[in-house]
Amino acid sequence: MKRAGKKETLSISHRRPDRLPLPESPIIYEMNTWVWLHELSEKYHTSITLMTVPAEEWDAIGALGVDAVWLMGVWERSPAGIDIANNNEGLLAEFRMVLPDYRPGDNVGSPYCVRRYVVEGRLGGREGLAKARQELAGRGMGIILDFVPNHVAPDHPWVTDHPGYFIRGDTEDLDRDRASFLRIEGKVFACGKDPYFEAWPDVLQLNGFHPKLRDAVKETLRDIADQCDGVRCDMAMLLMNDVFERTWGAKAGARPEIDYWSEIIPAVKREDPDFTFIAEAYWDLEWDLQQQGFDYCYDKRLYDRLGHEDAESARLHLLADPVYQKKLVRFIENHDEPRAAAIFTMERERAYAVVIATLPGAKLFHEGQFQGRKVRLPVFLGRRPVEKPDPDLEAFYGSMLKAIHVPALRAGEWRLCERGGWPDNRSYLNLVAWCREKDGERFLVVVNLSDRRSQAHIRLPWDDLTGAFWRLTDALNQAVFDRDGGEMGAWGLFVDLPGWGYHFFHLERA
């Protein structure tokens, strides 16, 4: 609430006329930009860049009903990073497994090994990105781009121009751990890392405590903000003072009084208050990152609970403060996670999709998810294997995205519903339920998060049910049920769902 108050004090003159602020509970669609343009080039038998994407392709994205497109991987890739990857036998084996006809030219470099925050020329350059932004804005969609705060490529200009921006090592470090340090032009630099894994050999670690580095980051982000509507900040928690100090200790130097994001985000938002910051976040640090200024943070905890724990675990997660939940990004796949269709059955994926689509907060969908793609593509690759689309799954997602485009599901009050069972039937514990309401429009969602048929009485929060019959229309399959409001008010709504089944009800007086 404090940050919202600060936002309200900003002068209206600071608001940019070209900015497309994200709506409440935005739907974000992640696209692998390089792969998408490669496939368009093959489809149209000519080289397609962001400047020359045919209008019907933008129309197809617009027809999905999303609010913003995350064009993943537009920044200039690193030749040095490509060389390092081409000498990594583990990566090459992965490339060949995904692409049996892999060729060296398929490795276009990691989008998270950024050489410069300049739009890759082969993708259309800055002018091409501007054209893409114009096309999307004309269809009511914003653009999200990447920002990688933790590290840059070994051939980034800062390496020679500003070596003090980096975590440095010495000859002893290099001799002791050649996998974690690189010598460049006689200087030893630490490779980028998080505290729980081996260092990434193709990137150099920036020093988040260095004041001039922070100033340079502010300028970089201001330039990025001129080109898009928000940034997804890779591994954002690594730059938090506590995490950074634990990871790098004395090599980082003196700890600043102000946390990294508490300094960076307000500096950008003072000039551009509607610019959106999204944090890739782990380790239960979402709340802390929200307090430091992030508009949204990944809800990795819900993803893990859905995939590896029971329904009660998911329900307990949803007891969190609604203000906190509104600033989470819900997802069941992205480029870092396995494809949903590869690890879940069709029924299970649909149940999870209904969950993330109807909860408060942002929703993130991954290009190919709607078609049931199963191959998780390494981000280094510029093309992917051909996969046969699943028309049934595509139809389901199309119906669901259409169903959630109503005010009650985008900005309505959200409440978790209690559910009850019987002494000899505890299957109700497999169900989760919630309702949403705005201006008298009501929805109820019930999902069975198990493979067992389960029953429950769902207790609805409305006190005006008695004295009327109510029509419950399923927003996805149009099934209709009429129920006595007195019974629903007294006992709750009885539901009986098969494994991974769900109800997505619109409630109206019959």
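For the range 78-150, the solvent-accessible area works out to 43 Å² per residue, with a probe of 1.4 Å and every protein chain left in place. Here the gap between D194 and N88, fully extended at 0.36 nm per residue and compared with their Cα-Cα distance, gives a gain of 36.2 nm. Counted by Cβ distance under 9 Å from V268, the other residues give a net charge of +2, where Lys and Arg count +1 and Asp and Glu count -1. Sorted on the mean count of surrounding Cβ atoms within 10 Å across their residues, most packed first, peptides 251-259, 23-31, 441-449 read 441-449, 23-31, 251-259. If you wrap the tightest convex hull around every Cα atom of the range 208-315 and split its volume per residue, you get 115 Å³.
Over the range 407-468, the ratio between the Cα radius of gyration and 2.2 N^0.38 Å evaluates to 1.26. Placing one equal scatterer on every Cα of the range 67-158 and applying the Debye formula, the log10 ratio I(q)/I(0) at q = 0.18 Å⁻¹ is -0.89. With the gyration tensor restricted to C-alpha atoms of the range 3-159, the semi-axes of the equivalent ellipsoid amount to 31, 22, 14 Å, longest first. With coordinates expressed along the principal axes, the C-alpha atoms belonging to the range 258-299 extend over 31, 22, 12 Å, beginning with the largest. Computed per residue of the chain from DSSP H runs no shorter than four, each worth -39500 (n - 2.57), the mean residue ellipticity at 222 nm is -9000 deg cm²/dmol.
Per residue, the range 163-317 exposes 40 Å² of solvent-accessible protein surface, assessed with a 1.4 angstrom probe and all protein chains in place.
Amide H to amide H, with H built 1.01 Å from N, H151 comes under 5 Å of L206, counting only residues 5 or more places away or on other chains. Bridging of K193 to aspartates and glutamates at a Cα separation below 14 Å is possible for D177, D202, D234, E245, once same-chain residues fewer than 8 apart are set aside. Solvent exposure of the range 345-388 amounts to 31 Å² per residue of accessible area, where only protein heavy atoms count and the probe is 1.4 Å.
Treat every Asp and Glu Cβ in the chain as -1 and every Lys and Arg Cβ as +1, leave all other atoms uncharged, and give the resulting dipole magnitude about the Cα centre to the nearest 20 debye. I would put it at about 400 debye.
Per the 1.4 Å probe, what fraction of the accessible area of the chain, in percent, lies on carbon and sulfur atoms? Here it works out to 51 percent. Here the peptides 302-310, 262-270 are ranked by packing, the mean other Cβ count within 10 Å, and the order with the highest first is 262-270, 302-310.
Annotation: amide H of T276 within the under-5 Å range of G230, V231, sequence separation 5 or more or interchain, hydrogens built in the peptide plane. Give me the number: length gained by fully extending D484 to H45, i.e. 0.36 nm times residue separation minus the C-alpha to C-alpha distance, one decimal in nm. Taking D484 through H45 to full extension adds about 152.0 nm, to one decimal.
Take the convex hull of the alpha carbons in the range 227-273; its mean projected area over all directions comes to 4.1 nm².
Over what distance in Å are the Cα centres of the range 393-430 and the range 225-259 separated? The two parts, judged by their Cα centres, are 37 Å apart. Phi-derived couplings, Karplus 6.51 cos²θ - 1.76 cosθ + 1.60 at θ = phi - 60°, listed residue by residue for the range 488-495: 5, x, 7, 10, x, 7, 6, 10 Hz, with x used for Gly and Pro. Residue separation of D177 and T466 scaled by 0.36 nm, minus their Cα-Cα distance, works out to 96.9 nm of gained length.
Straight Cα distances below 24 angstrom link K327 to the lysines K2, K6, K7, K218, K269, K300, K363, K402, K438, with same-chain residues fewer than 8 positions distant left out.
With K and R counted +1 and D and E -1, the other residues having a Cβ less than 13 Å from that of S41 yield a net charge of 0. For a distance above 28 Å, tell me the whole-number percent of Cα pairs in the chain that qualify. So the portion of pairs separated by more than 28 Å is 57 percent.
Globularity index of the range 240-374 is 1.21 (Cα radius of gyration / 2.2 N^0.38 Å, N = number of residues). Averaging 1/r over every pair of different alpha carbons in the range 397-510 and inverting the result gives a Kirkwood radius of 14.4 Å.
The values are calculated or read from the model by the stated rules, or taken from the named source; none is laboratory data. Being a predicted model, the structure only gives us computed values, none of them experimental. Because the Cβ atoms are built from the backbone with ideal geometry, glycine has one as well, and the counts that use them run over all protein chains shown. Only protein heavy atoms, including side chains, enter the accessible area calculation; ligands, DNA and RNA are left aside. Shrake-Rupley method; radii C 1.70, N 1.55, O 1.52, S 1.80 Å.
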